[in-house]
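All remarks here apply to the structure that follows.
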Amino acid sequence: MYVHVPASWLALQIYAVMCVCSFITLIFKNRVFTIITKSIAPIGFTFSLISLFTGSIWGQPTWGTFWTWDARLTSMLILVIFYIAYILSWKIITNFHLAEKLSSIITLIGLANLPIIKFSVDWWNTLHQPATIKLTESSTIHPSMLTPLIVMFLSFLAFSVIIFLIRFKLESLNLRIHSKR
């Protein structure tokens, strides 16, 4: 739980940041937001994979199976596919401007999946338990479990920021090198 839940939260939050940056890229053509999105996409992809794999490990003793076509699992798998599509669009398309536009569109299409992931346990009768940590209501998770969960989330977040800064620097240098050609 202390790896699975923070990884899931970050996978969703990173994708939301990618959507905002992609929208700004499409509207204002600001390359900084393209570089931000390219830099955080592999991080979000990694956290979404961690979420799926640790969920499978958790699901085996809890539900008796590693995988079921549960609404939350399936929508999370779709998020992984959107991450893959985004990353592949940059690997396959050699024209920078076309890759920038197509990857931004892919990201924005995937935005429709985020509320489905978040509210799937409320909308459908699934194997997943409903949310126990709520911002607008009192949480049903015991404080002895909430504290390490928040510590792990903050640790993963700090790790993500460090990796992002390294990737951002590399992507910035890569863009400068290609723009000089």
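Identify all residues within region 54-72 that are part of a helix (DSSP H, G or I), among the β-branched types (Val, Ile, Thr) and out of contact with any helix residue (DSSP H, G or I) (no Cβ under 6 Å at 6 or more places or on another chain); write none if there are none.
ILE57, THR62
Looking only at residues that are more than 16 Å from SER89 (Cβ to Cβ) and in contact (Cβ under 8 Å) with a residue 60 or more places away in the chain in region 13-31, which one is surrounded by the fewest Cβ atoms within 10 Å (Cβ to Cβ)?
ALA16
Residues THR37, THR62, THR74: which one is out of contact with any Asp or Glu (no Cβ under 6 Å at 6 or more places or on another chain) and either among the basic types (Lys, Arg) or within 25 Å of LEU165 (Cβ to Cβ) (or both)?
Within the list THR37, THR62, THR74, the selection yields THR37.
Counting just the residues of region 42-53 that are under 17 Å from LEU77 (Cβ atoms) and of a type in the set (A, V, I, L, M, F, W, C), which one comes out surrounded by the most Cβ atoms within 10 Å (Cβ to Cβ)?
Across region 42-53, the extreme among qualifying residues is PHE47.
Return the total of residues in region 130-181 being hydroxyl-bearing (Ser, Thr, Tyr) and either closer than 18 Å to ALA99 by Cα or modelled with pLDDT of 95 or more (or both).
Residues flagged as hydroxyl-bearing (Ser, Thr, Tyr) and either closer than 18 Å to ALA99 by Cα or modelled with pLDDT of 95 or more (or both) within region 130-181 amount to 4.
Which of the residues spanning region 109-125 are crowded, with 17+ Cβ neighbours inside 10 Å and either more than 15 Å from VAL80 (Cα to Cα) or not β-branched (Val, Ile, Thr) (or both)?
Answer for region 109-125, where residues must be crowded, with 17+ Cβ neighbours inside 10 Å and either more than 15 Å from VAL80 (Cα to Cα) or not β-branched (Val, Ile, Thr) (or both): GLY110, ASN113, LEU114, SER120, VAL121.
Tell me which of these ILE36 doesn't satisfy, since it passes every other one: (1) at pLDDT 95 or above; (2) surrounded by fewer than 18 Cβ atoms within 10 Å (Cβ to Cβ).
Going through the list (1) at pLDDT 95 or above; (2) surrounded by fewer than 18 Cβ atoms within 10 Å (Cβ to Cβ), ILE36 breaks only (2).
Go through region 90-126 and give me each residue that's among the acidic types (Asp, Glu) and modelled with pLDDT of 90 or more.
Of everything in region 90-126, just one residue is among the acidic types (Asp, Glu) and modelled with pLDDT of 90 or more, namely GLU100.
Six or more apart or on different chains, Cβ under 9 Å: which pairs go from a residue in region 83-108 that's without any contact (Cβ under 8 Å) to a residue 12 or more places away in the chain and farther than 14 Å from MET18 by Cα to one that's among the β-branched types (Val, Ile, Thr) and surrounded by fewer than 17 Cβ atoms within 10 Å (Cβ to Cβ)? Could you list them?
Between residues of region 83-108 that are without any contact (Cβ under 8 Å) to a residue 12 or more places away in the chain and farther than 14 Å from MET18 by Cα and residues that are among the β-branched types (Val, Ile, Thr) and surrounded by fewer than 17 Cβ atoms within 10 Å (Cβ to Cβ), the close pairs are ALA99/ILE92; ALA99/ILE93.
Would you call THR37 out of contact with any strand residue (DSSP E or B) (no Cβ under 8 Å at 6 or more places or on another chain), over 17 Å from LEU114 (Cβ atoms) and among the hydroxyl-bearing types (Ser, Thr, Tyr)?
It is false that THR37 is out of contact with any strand residue (DSSP E or B) (no Cβ under 8 Å at 6 or more places or on another chain), over 17 Å from LEU114 (Cβ atoms) and among the hydroxyl-bearing types (Ser, Thr, Tyr).
The values are calculated or read from the model by the stated rules, or taken from the named source; none is laboratory data. These figures come from a predicted structure and were not determined experimentally. Every residue, glycine among them, receives a Cβ derived from its backbone with ideal geometry; neighbour counts consider all protein chains shown.
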